[in-house]
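Heads up: the structure comes next, in structure tokens.
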Amino acid sequence: MNLRFHVFFGQLLWIISVLNGKTVEGIPGYGRNLIIKALPAIEDYQSNVYEVIMEPYLYDPRSYGLQAIAYLKADQDSGVTGELVFRQVVPNGPVVIEGNVTGLSAGLHGLHIHQSGAVNENCQDIGPHFIAYYGRHGGPRDNIRHVGDLGNIKAEEETLNVKIIDHLISLAGPRSVVGRSIAISKSEDDYGRSSTEDSALTGTSGPSIACGVIGYLN
């Protein structure tokens, strides 16, 4: 009887959360929790998007939640290398990216998550930007953007210390970047502001000069 009540109560909370467009944590399940997150609608573009995530066993708030890492290697002879660590305390929370990059020329360079993790001898087979729900390229604060659009990083010295907080990428669920690749572009990302086809796809940021596969650290 208690099991049936918990299942019924969990289903009732799920229905209420969907109708109200709210996030509900801690719905009783079979040994794990379900996380329900609502991504708001974008007028004239898409309706509300709902994600239902079963909490992976790797999540442990005492050990900073989920962690992933990417070791950047140079594409051909660019000389750009680095290491980036991803941390996410809860499945529906922001992801913090920290690390360092060396060998970049001074100025702005686009930073993107790409669809594939096929990093072999170079960065030519990692595919387009990780799109998920959003089909047009944009900046990290834009309502319409690829999930993988992380904006620009600015190099001023030989070693660049990176710290980015992004609320759209995730380390679990439909927007997970684990198993995909992260890449640094040769040029500045224009956030899709130019009226060209390339701008709408890549931000006219040029080829990737360094990339690495994102894999779980814990």
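The values are calculated or read from the model by the stated rules, or taken from the named source; none is laboratory data. If you're wondering where the values come from, they're calculated on a predicted model, not measured in any experiment. Methodologically, a virtual Cβ is constructed for each residue, glycine included, from the backbone with ideal geometry; neighbour enumeration extends over all protein chains shown.
Some observations on this one:
- Here GLY99 fulfils each of the conditions (1) farther than 21 Å from GLY179 by Cβ; (2) part of a strand (DSSP E or B); (3) among the small types (Gly, Ala, Ser) apart from (1).
- Scanning region 146-167 for residues that are part of a loop (DSSP other than H, G, I, E, B) and in contact (Cβ under 8 Å) with a residue 24 or more places away in the chain, we see that the one that is farthest from ALA68 (Cα to Cα) is GLU156.
- Condition met for ALA118 (in the same structural domain as TYR71 (by TED's automatic domain parsing), buried (at least 18 other Cβ atoms within 10 Å of the Cβ), aliphatic (A, V, I, L, M) and in contact (Cβ under 8 Å) with a residue 40 or more places away in the chain): no
- Within region 65-86, the set of residues being part of a loop (DSSP other than H, G, I, E, B) and touching a strand residue (DSSP E or B) at 6+ places or on another chain (Cβ under 9 Å) comprises GLY65, ASP75, GLN76, SER78, GLY79, VAL80.
- Within region 184-208, residues that are among the acidic types (Asp, Glu) reach partners that are assigned to a helix (DSSP H, G or I) with beta carbons closer than 9 Å, at six or more positions or on different chains, in the pairs ASP189/THR202; ASP190/SER199.
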